[in-house]
Amino acid sequence: MQIDMDEVLEILHRYPREKRHSLAIMQDLQHHFNYIPREGMEALAEYLECPLSSLYSMATFYRALSLKPKGKHIIKLCDGTACHIRGSVNLAGGIGRLLGIGAGETSADGLFSLELVNCLGSCALAPVMVVDDTYYGKVTLEKLPEILNKYREEAAG
Ligand code: FES
């Protein structure tokens, strides 16, 4: 993906050139691009005159920040105990077959990223999967295509 440096610079210039704003700037970059592009990190290091490595350590420390492009839709598949017992691993396999991705990966069309997460607090509905903010309970392999196709159709307009 080609990064528009004007957009990066516009975000950097929202803040004074002080290192204490680095996290806020990274959050803005993340919000804008859906991840923090390498070009954004480099421009930020230059802007704040600080080592790139210290920005990378900060970015990897905060789970909300991502250095890899993420899909338009984030699938969180619960792998807590209740969901695990009720087959979350099979669902991960099913998602893998349908989208060609494993945990931590993004589909080639950029539409979905898959994350395996801990208990989502809805164990009675296990196995649970959340796409963006929508919860799906008692998910089965049979229901997966229908759920995912909804997002594909939306994207196709
Ligand atoms: S273990 Fe999955 S919702 Fe609790």
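If we scan region 91-100, do we find a residue that is at pLDDT 95 or above, within 15 Å of the ligand (Cβ to nearest atom) and at negative phi? Yes, the conditions are met somewhere in region 91-100. Regarding Leu12, is this residue surrounded by fewer than 18 Cβ atoms within 10 Å (Cβ to Cβ) and touching a residue at least 24 places away in the same chain (Cβ under 8 Å)? So Leu12 does not fit the description; no. Of the helices (runs of 4 or more DSSP H) lying entirely inside region 60-157, those containing at least 2 residues that are in contact (Cβ under 8 Å) with a residue 24 or more places away in the chain and either hydroxyl-bearing (Ser, Thr, Tyr) or touching a Leu at 6+ places or on another chain (Cβ under 7 Å) (or both) are 88-99, 144-156.
Residue check: Ser53 meets all listed conditions (1) within 15 Å of the ligand (Cβ to nearest atom); (2) free of Cβ contacts under 8 Å to residues at least 24 places away in the same chain; (3) among the polar types (S, T, N, Q) but one, namely (1). Could you check region 118-143 and list, in sequence order, the residues that are among the polar types (S, T, N, Q) and either in contact with an Asp or Glu (Cβ under 8 Å, 6 or more places away or on another chain) or on the phi > 0 side of the Ramachandran plot (or both)? Across region 118-143, the qualifying residue is only Asn118.
The values are calculated or read from the model by the stated rules, or taken from the named source; none is laboratory data. Keep in mind the model is a prediction, meaning the values are calculated, not measured. All Cβ positions, glycine included, derive from the backbone under ideal geometry; neighbour counts span all protein chains shown.
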